[in-house]
Amino acid sequence: MIRGTRAAAFAIGGTPYRRQIGVTAVIPFARQIAAALLALLLTVGCASDPEGVGQSRGTGEVAATSLADAVQLAQADDDLDDEDFEDEGFEDLFPGEDPLALEEDYDPFETVNRFVFAFNEALDFFIIRPLAELYGFLLPEVVRDSVRNVVRNLLEPVNFLNHLWQGKDDDAADIAARFLINSTIGLGGLIDVAGYWGIPYRTEDFGQTLGFYGAEPGPYIVLPLLGPSSLRDTIGRGVDAVIDPWGYVVPFAGIDPLHFSAARLTAYGIDLRQRNLETIDELRRDSVDFYARVRSLYLQRRRAEIADEDKEQAAREELRRDQTATKVHIDFEERGLDER
């Protein structure tokens, strides 16, 4: 009877009895793995804090964001002081506009984006932030400045091309001068000699070039590791990677272009993350919904970059400093005349 059952099983299923036993034994193990993965996904999903519950986590709160989130938020924070984190503070970023009247952020993939955002936060907490803290602890500031200078110098060719395509010839000439000066006198970019000589560092990417010619950002996207983006900016990233001349130069030195790009991005991101540890944590604490806050800051920052409002603001600040210096000089002369 037993033999007949085994023979029937083999005839119907085409699988020997012993193999059926092996499969049956594996099923509980597979279920355990599936349960563990589900628990992990739920844990990571809860880390996104979509409703802002537990917005304040005390001094030991989870780190704020991923590597690229830190880069983008730190760029957004460059021209903002503490008061600018309040809603009304965005008036300085968008003169003449009511920030609350801005179009609602287009985020049709929000569910997926929140999951990727949570993954990036977990990655930041376990890997990126510890590396940034170790980087800041081991290397003195002068070395960290050199790291940033080298990476910036490597990005200059792409900056040059995008400035040129936007018709910003004067800025493109400044970038070419920066690259030439820093690559030679600056010892391969270790020292920002051009910056000391009054030629500032400017950035333009192909996403901004598309926006300059009227391309809409499209849906908001959160990329794994790379962080906040949009359809337009994601396409821009791809084009920048293609036009980056280093991808065609480094193979002659026996260096893999992908490894080169990854090393450059990692160095720049870790350096910038270290410089903004407290800023990102503070932004995280002050946000009711951190995901929505990052999205809003990113999209508004990109609008400002495309409109070159940063440069206008910098020009106003420079003019204000000049006016203050002139006023101080006049007051000093007047006091001198009074004393006489």
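A few points about this structure:
- Positive minus negative residues near VAL239 (Lys, Arg vs Asp, Glu; Cβ under 14 Å): -3
- For SER230, nonlocal amide neighbours, meaning residues 5 or more places apart or on other chains whose placed amide H falls under 5 Å from its own, are ILE221.
- Net length available on complete extension from VAL288 to PHE252 is 7.9 nm, with 0.36 nm assigned per residue and the Cα-Cα distance removed.
- Distribution of pairwise C-alpha distances over the range 252-300, 5 Å bins, in %: 4, 17, 15, 18, 16, 11, 8, 6, 4, 1, 0
Every number in this text was worked out from the coordinates using simple rules, so none of it is lab data. For clarity, every value in this text was computed on a predicted model and none was experimentally measured. Note that each Cβ is placed from the backbone with ideal geometry, even for glycine, and that neighbours are counted across all protein chains shown.
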